[in-house]
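Okay, structure first, notes after.
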Amino acid sequence: MWFLSSRMDDFPKCSVCQQQFTFKGHAPYLLPCLHAVCETCVTSGAGGVISCSTCQREVNLTNSSLQKDAVRQKEIFHLTVKHRPTELLCTHEDDGNQAVCWCQDCEELLCEYCQNIHSNFKVTRRHVVQNFADLELTFSTVPKFCSIHKYHPLYLFDKSCKKLICARCRIEDHVDHEVEKVDVAADSVTKQLEYHKNELSTLQTRHQANMHSIRQGTESTDETHNSLKENIRHTFHSLRSQLNQREKELLIDLENHTKETKAAQHALLTACEEDKKTCKRVLDYINNVFLFASKSDILGLERYVGEMTRTCLDTAAPQTYAVPRAVFNTNSLSKLKANVSGFGAILTMDMDGKSEIIADRGTQTDDDFMADVEMKHKMDMEELKTKIDSGEKHIESLTKLTDKLNSEIESLKSRIDEKDAIEKKDAKTIDLLLGVARECGVHLLKPGAVDGSLILKCIPLKYDKDSVNLNKVHINTEGDLVNRKSDTRPAEEETEEVHRHMQHCASPNDGCPQYWEVENRVNLDKQLSENCLILSVGVCREEQRDLHHRIDERPYSYCMNVAHLTKHIGLCNNIWKEGKRVLCLPDTLPNTAGASNTLHYGVVYDDARKKIVFIDLKEKKVISTLDNVDCSEPLWPMFGVYNPHLLTVSMGLVVGSDINMTEEKKAMIVKALS
């Protein structure tokens with residue numbers, strides 16, 4: 001039995017180029033929308049994107065890979081067997097003979113000669129061989145062999161890699177993956193597909209029911225249309241002769257009503273335009289006040305602008321204008337047929353859709369009708385006159401207000417010119433003061449800051465030569481602190497044995513956040529193999545100065561050290577607070593013989609916020625912020641360089657106006673102090 005539907009008689013087409021797939025042609029690939037695309041369109045996709053012409057869905061080939069459409073490949077094969085069997089040649093011997101049957105187990109096309117041989121071999125005589133005329137839609141159960149391990153069947157499915165594997169693949173490259181037999185995995189997917197099929201079948205049934213209901217509605221609509229059309233034609237045919245006369249009368253009434261309405265509308269429009277101009281002038285002046293007036297000017301203008309605004313609001317028109325709309329009164333159609341001469345009236349519709357009958361001559365005498373018309377005309381004229389008088393008063397009031405505003409504008413312009421001159425002068429003065437401040441090493445952390453906590457002082461530090469341990473360090477001609485004794489030191493001084501390597505500067509804090517920088521050049525003579533202190537920068541109390549060659553383990557001291565710890569490979573940055581190490585950043589610098597590094601650090605001391613900030617200026621980042629610093633007594637800047645037998649350290653101060661205070665530095669300092 002052949003279960004292909006009639007729609008499958010045509011070969012599938014590529015959804016991009018619309019070319020039919022053939023058995024020997026390019027293989028079909030499956031798109032995410034379940035349409036097929038040929039291999040040519042896949043490889044030639046412009047920009048790595050192809051668009052399905054069937055459903056207009058685009059697929060980005062750079063983000064997803066397409067797999068061959070095995071379903072359509074088998075469909076093409078069966079369609080070729082049914083409609084183009086002459087294109088199928090024997091694949092067993094490749095002898096070019098016409099194929100007549102298909103071996104399901106070998107998955108090969110066989111000619112008559114190969115079929116006879118195939119049936120005589122003991123190995124293949126039990127294979128399922130089908131002639132083309134009897135070919136059914138079946139699935140092969142013979143496992144394919146692994147492309148990596150030949151002769152090993154692919155009977156396992158790797159759920160992690162989403163691919164078929166053999167037993168050797170399982171124990172070699174897929175040992176930790178989730179794997180199950182092909183039949184089990186296929187059964188699971190088949191159940192899911194059956195569920196999808198049932199859900200889609202139910203949805204399709206609902207679509208069919210909706211389509212049937214819509215078609216019935218369409219037929220009913222056509223029937224109603226035809227019935228109403230015929231009824232309308234018959235009704236108006238019977239009324240047309242009587243309506244022609246009444247039409248002429250109503251047109252005359254309509255013209256009169258239209259003239260009256262348009263006259264009233266014109267008067268309202270004129271008054272509204274004047275009110276709008278007045279409102280615009282007041283708005284323009286208020287906008288200019290926002291642009292040009294100072295706060296004191298605004299306070300003086302409040303009364304004038306307020307009075308004018310209230311005047312405009314008191315005379316304001318409604319938010320919307322209810323446009324009269326003329327309609328026919330078609331009530332009582334049966335009565336209209338009997339009394340057609342009096343049918344119809346001109347109606348005025350308000351915004352709520354309610355109608356007011358202006359005149360219905362079918363229920364009035366000529367005298368009553370004329371009296372109503374005269375009364376309405378008189379009322380309209382009185383209303384129009386009232387509006388004109390009101391408009392004249394508005395014009396007179398607006399003229400006075402305009403003159404007053406013009407004089408005030410002239411006064412404001414002169415004040416604004418004076419204000420601009422003062423601001424330009426103040427700006428020049430501020431620029432001059434800021435230039436002087438920068439030369440003195442003072443910087444504003446935020447523009448316009450007047451709070452002392454936002455003014456940064458780059459203090460003019462210098463080394464205190466009286467505290468230098470000349471046996472261990474010296475200050476060279478460039479003013480740098482070096483961890484070696486001077487070659488030019490007098491001989492009588494070389495006998496002094498002092499173990500202090502620390503150097504302090506004579507400048508305690510004076511109330512503002514203070515800032516200084518150190519530039520260090522470190523050269524390793526050999527690879528460091530023991531715990532070794534290289535350099536230190538920080539602050540301590542006055543009584544802690546010069547008591548020891550290092551301050552990191554002393555009370556009331558706060559510092560950053562560069563050192564080597566044996567438990568780490570490279571050099572480390574350590575932060576110390578009152579004798580305790582609170583932070584270690586290991587391996588920040590290489591520990592190799594001959595290595596040379598330039599280290600640039602900044603220090604912020606803010607006694608108001610009780611903070612000390614250490615900044616790595618070379619890496620452009622804050623190393624650490626110490627909070628709750630004991631600032632009850634002044635803290636003094638301290639510096640140290642160490643171990644001349646292992647390395648060479650030169651520490652130079654960058655202070656005062658020599659500091660290049662960039663906006664990036666300011667931003668880091670503000671963020672650290674906030």
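Points worth noting:
- Theoretical gain in end-to-end length, LEU291 to THR477 [0.36 nm per residue, Cα-Cα removed]: 61.0 nm
- Global form of segment 49-158, assessed from the alpha-carbon gyration tensor, a/c cut-off 1.5: oblate
- When THR221, THR648 are compared by accessible area at a 1.4 angstrom probe, the order from most to least is THR221, THR648.
- Size estimate for segment 519-621 follows the Kirkwood approach: the inverse of mean 1/r over distinct Cα pairs works out to 14.5 Å.
- Compactness of segment 590-636, expressed as Rg and Dmax over alpha-carbon positions, Å: 14.6, 45
- Projected onto planes of every orientation and averaged, the convex hull of the alpha-carbon atoms in segment 121-220 covers 11.9 nm².
- With the simple model of a label 7 Å out from the Cα in the direction of the Cβ, SER529 to THR40 spans 7.4 nm.
- Computing FRET efficiency as 1/(1 + (r/R0)^6) for THR54 and ASP95, where r is the C-beta to C-beta distance and R0 is 41 Å, gives about 0.50.
- Accessible surface of TYR556 - all protein chains present, 1.4 Å probe, nearest 10 Å²: 80 Å²
- Accessible area (Å², 1.4 Å probe, nearest 10) - SER624: 20 Å²
- FRET efficiency for ALA264 and GLN242, using Cβ-Cβ distance with R0 set to 41 Å, rounded to 0.05: 0.75
- Taking a ≥ b ≥ c as the square roots of the eigenvalues of the alpha-carbon gyration tensor, segment 579-668 is classed prolate because a/c is 1.5 or more and a/b outweighs b/c.
- Share of carbon and sulfur in the accessible heavy-atom surface of segment 535-657 [1.4 Å probe, %]: 47 percent
- Among the GluC sites (Glu not before Pro) within segment 173-217, those in coil by DSSP and having at most 13 neighbouring Cβ atoms inside 10 Å are GLU178.
- Label-to-label distance for LYS82 and HIS149 is 4.1 nm, based on points extended 7 Å past Cα in the beta-carbon direction.
- Straightening the chain between GLU219 and GLU180 buys 8.3 nm, computed as 0.36 nm per residue apart minus the Cα-Cα spacing.
- Cβ-Cβ FRET estimate between LYS229 and LYS74, R0 fixed at 60 Å, reported to 0.05: 0.60
- Separation of the SER407 and THR598 label points, Cα + 7 Å toward Cβ, nm: 7.2 nm
- Solvent-accessible surface of protein heavy atoms, probed at 1.4 angstrom with all chains present, puts HIS127, HIS237 in the order HIS237, HIS127, largest first.
- Taking the square roots of 5 times each eigenvalue of the Cα gyration tensor of segment 245-308, largest first, gives ellipsoid semi-axes of 50, 9, 6 Å.
- Area accessible to solvent at SER294, 1.4 Å probe radius, in Å²: 30 Å²
- Most to least accessible of TRP516, TRP576 (protein chains only, probe 1.4 Å): TRP576, TRP516
- Computed lengthening from ASP466 to ASN210, 0.36 nm per intervening residue step minus Cα-Cα distance: 82.0 nm
- Rounded if a/c under 1.5, otherwise prolate or oblate - segment 211-284, Cα gyration tensor axes: oblate
- Averaging Cα coordinates gives a centre for segment 618-651 and one for segment 252-316; these two points are 71 Å apart.
The values are calculated or read from the model by the stated rules, or taken from the named source; none is laboratory data. Just so you know, these numbers come straight off a predicted model, no measurement behind them. Cβ coordinates were reconstructed from backbone atoms using ideal geometry, including for glycine residues, and neighbour counts include every protein chain displayed. Heads up: the accessible areas ignore ligands, DNA and RNA and are worked out on the full protein's heavy atoms, side chains in. Shrake-Rupley method; radii C 1.70, N 1.55, O 1.52, S 1.80 Å.
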